[in-house]
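Student: Supplied in structure tokens, the structure appears directly below.
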Amino acid sequence: MKKKRPKNLNEGISGLNRIVKHFLPQIRQQGGLLTISFLALLAETGLHMLEPWPLKFIFDEIIFKGFKVERLEVPFLDNFNVITLLTLLAVALVIIALLRGSMAYVSTAGMAVAATKILSEIRANLYSHIQSLSLSFHNKAKTGDLITRVTYDIERLREVTVVAALPLITNTLTMVGMLGVMMWLNMQLALIAVAIFPIFLMTTATMSKRIHKVATKQRQREGVMAANAAEAIGAIKVVQALSLQSRLQKTFAKQNQKSLNESAQTQKLRAGQERTVEVLVAIATSIVLWRGVQLVMVGTLTPGDLLVFITYLKVAFKPMRQLAKYTGQIAKAIASGERIIDLLERVPEVRDSKWAYPAPPFRGMVEFSGVSFAYENQNNTLNNLSLTVLPGQKVALVGASGGGKSTLVSLLLRLYDPQQGGVLIDGHDLREYTLDSLRKQISIVLQESILFAASIKDNIAYGCVEATDKEIEMAARLANAHDFIMALPEGYDTVVGERGSTLSGGQRQRIAIARAAIRNAPIVILDEPTVGLDNHSERLVTDALDRLTQTSTTFLITHDLRTAKNADQIFYLEGGQVLEQGTHEQLMKLGKHYATLYRLQQTVQVS
Ligand code: ADP
């Protein structure tokens, strides 16, 4: 999970290979567009090299016509008179620039569109893949890290293909082509130019490294700042209650100042690099000029050739200048790509087996048969636990915290698979059914129900996507929610805030019950659904829950034994085992854990 950057070229290339191989299907889909872009890119490179040639001919064939040197024989040019030739060459200059501009447009736009299409497809795959990964993965993964992969890593890949990789290819091709032409024009001058390249490369690489170091430090600091700010804003209630504003502001201001200084330093280093580069280019140009003019004087080179040379030199140095910057960016993008692939290659631990089939409508008989389960790197949370619940029975799971009650229902939902034994519904192991068909038939109401930032109607419909408005209203009525929803300004279309903060706890619960009701599920799980509600809300919610669970097999996790009292069966869990089981009367008669706890709660409530 840790961030890595390819250290050397080999690692980089193998990373790139892995990325291309992994995303080949998506890349192939854009094959046509990519081919067109690449052809345009080749054309652009050729035209770029042609650019100084009209000027060369103007020099050699018009201005210095009488100059006695061996020059490129272009007999075709001798057929024109001077003015026609000049006009033609001037027009050629414009046409070449125009063509090159269009080709550059086609290749950049084509590549950008292709990259965006490829990466949005990858992003969609990644998003659905993350959602399919098991809870055992999500328990360990950091939410921030996953979000970074879906947003930042993907964006970086996209950006780099367009902003860095494309220019790098174009510039490298241009540079190689120009070097070829330079050698063909004059070997000696070309060798002088080539000799300067390594010095140039070394200087820019060292400077880029320094810039990179400061920039990385600044980015890290900004990450910390963002995290601190998010933390403080998220906990604004506590911050204000403890009057921590000014202290937090001071810390923030300090970090802000440091980040500012680092940013200024990066800018200064960049400006310094630009200056050094300009000087190096000037030195290279002057050496070539110094030797070149001598060659022109002795007649081995035409003035036009020298012009081509100098122009090429400037152009060829440009990609060298950006090489260090681009390779840095590309290395980071490769790391991003690998992080994405690492995630995509994770196989969900809980998944449909090859022979899984859609579950038929359940009658609702639930059995745990010798189930043992441990969270990763922990001792057994459930120890050889067995229990049987008949269709339509209401059972209460009670016992001290940490006894394994929530884990038990997680296994029923198949959020995890047991390491030993099996969970059966209607006599079949859960692993025989497809996950989707299993979970569709189980409704759940938690202690703190999560509402999404959407309309109330949608929040209820999340329980069953194909629900009609009529069914939504019926579910809301069943959940004692219809009246208060209608009293809201926009009724069912009212958008509830993040985590439903605009509604009271009782109202949120009733919407969650409506969401559970709309599924009409044969199995219902209630995890302390009335904790923290005032008496009035509790009555409304309990009433709604009674209706919700009328015909379904129901598991109620509760600490309040008054609510457990009416259950058909009560299971007292401790240490991942069922210590006692039976009706309220039976367990009271038994006079052990349950009875002790019940009497204790009664004394507390009476006093
Ligand atoms: P209960 O619902 O009875 O309070 P739980 O099923 O929540 O009990 O927890 C049983 C034990 O499993 C506890 O010791 C708890 O710390 C541990 N546990 C629960 N959830 C996780 C998890 N996601 N990862 C690791 N351990 C867990």
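The values are calculated or read from the model by the stated rules, or taken from the named source; none is laboratory data. Since this is a predicted model, take the numbers as computed values, not measurements. A quick note on method: Cβ atoms are made from the backbone with ideal geometry, for glycine too, and the neighbour counts reach across all protein chains shown.
Student: For region 535-601, which helices (runs of 4 or more DSSP H) that fit wholly inside it have 2 or more residues that are within 16 Å of the ligand (Cβ to nearest atom)?
Tutor: Once the helices (runs of 4 or more DSSP H) in region 535-601 are filtered for at least 2 residues that are within 16 Å of the ligand (Cβ to nearest atom), what remains is 561-564.
Student: If you take the residues of region 30-42 that are surrounded by fewer than 17 Cβ atoms within 10 Å (Cβ to Cβ) and hydrophobic (A, V, I, L, M, F, W, C), which of them is farthest from A316 (Cα to Cα)?
Tutor: Step by step, filter region 30-42, then rank; the result is I36.
Student: Just for region 387-409: of the residues that are assigned to a loop (DSSP other than H, G, I, E, B) and among the polar types (S, T, N, Q), which one is surrounded by the fewest Cβ atoms within 10 Å (Cβ to Cβ)?
Tutor: S401
Student: In this structure, is N383 farther than 19 Å from L133 by Cβ, within 16 Å of the ligand (Cβ to nearest atom) and loosely packed, with under 14 Cβ neighbours inside 10 Å?
Tutor: no
Student: Then there's this: Return the total of residues in region 386-401 being more than 14 Å from the ligand (Cβ to nearest atom) and among the hydrophobic types (A, V, I, L, M, F, W, C).
Tutor: Here the count works out to 4.
Student: Looking at D436 and the list (1) within 16 Å of the ligand (Cβ to nearest atom); (2) in a helix (DSSP H, G or I), which single condition is not satisfied?
Tutor: D436 satisfies every listed condition except (1).
Student: Just name the residue that is farthest from F368 (Cα to Cα) out of those in region 402-412 that are within 6 Å of the ligand (Cβ to nearest atom) and in contact (Cβ under 8 Å) with a residue 40 or more places away in the chain.
Tutor: My answer is G403.
Student: Could you grab me the full set of residues in region 336-364 that are within 16 Å of S14 (Cα to Cα) and either modelled with pLDDT under 80 or of a type outside the set (G, A, S) (or both)?
Tutor: E338, R339, I340, I341, D342
Student: Between a residue in region 176-192 that is under 17 Å from V293 (Cα atoms) and any residue that is among the charged types (D, E, K, R), which pairs come within a Cβ distance under 9 Å, given they are 6 or more apart or on different chains?
Tutor: Short answer, once both residue conditions are applied: L185/D305; N186/D305; Q188/R291; L189/R291; L189/D305; I192/R291.
Student: If you take the residues of region 123-135 that are of a type outside the set (V, I, T), within 19 Å of D436 (Cβ to Cβ) and touching a residue at least 12 places away in the same chain (Cβ under 8 Å), which of them is nearest to the ligand (Cβ to nearest atom)?
Tutor: L135
Student: Under the condition of being surrounded by fewer than 19 Cβ atoms within 10 Å (Cβ to Cβ) and either touching a Lys or Arg at 6+ places or on another chain (Cβ under 6 Å) or not hydrophobic (A, V, I, L, M, F, W, C) (or both), which residue from region 440-455 is farthest from E538 (Cα to Cα)?
Tutor: In this case the residue turns out to be K440.
Student: For the structure I just gave you, tell me whether F317 is more than 16 Å from the ligand (Cβ to nearest atom), in contact with a helix residue (DSSP H, G or I) (Cβ under 8 Å, 6 or more places away or on another chain) and either within 28 Å of H138 (Cα to Cα) or modelled with pLDDT under 90 (or both).
Tutor: For F317, the condition - more than 16 Å from the ligand (Cβ to nearest atom), in contact with a helix residue (DSSP H, G or I) (Cβ under 8 Å, 6 or more places away or on another chain) and either within 28 Å of H138 (Cα to Cα) or modelled with pLDDT under 90 (or both) - is met.
Student: Among the residues in region 423-430, are any away from the ligand (no atom under 16 Å from the Cβ), charged (D, E, K, R) and more than 36 Å from the chain's Cα centre (by Cα)?
Tutor: Yes, region 423-430 contains a residue that is away from the ligand (no atom under 16 Å from the Cβ), charged (D, E, K, R) and more than 36 Å from the chain's Cα centre (by Cα).
Student: Can you run down the residue pairs with Cβ atoms below 9 Å, 6 or more apart or on separate chains, where the first is in region 432-453 and closer than 13 Å to R414 by Cα and free of Cβ contacts under 8 Å to residues at least 60 places away in the same chain and the partner is among the polar types (S, T, N, Q) and buried (at least 22 other Cβ atoms within 10 Å of the Cβ)?
Tutor: Going by the 9 Å Cβ cut-off, there are no qualifying pairs.
Student: State whether the residues of region 561-583 include one that is in contact with a Pro (Cβ under 7 Å, 6 or more places away or on another chain), touching a residue at least 12 places away in the same chain (Cβ under 8 Å) and surrounded by 22 or more Cβ atoms within 10 Å (Cβ to Cβ).
Tutor: No, region 561-583 has no match at all.
Student: While we're here: Within region 134-232, which helices (runs of 4 or more DSSP H) (wholly inside it) include 3 or more residues that are among the small types (G, A, S), in contact with a strand residue (DSSP E or B) (Cβ under 8 Å, 6 or more places away or on another chain) and closer than 30 Å to I118 by Cα?
Tutor: none
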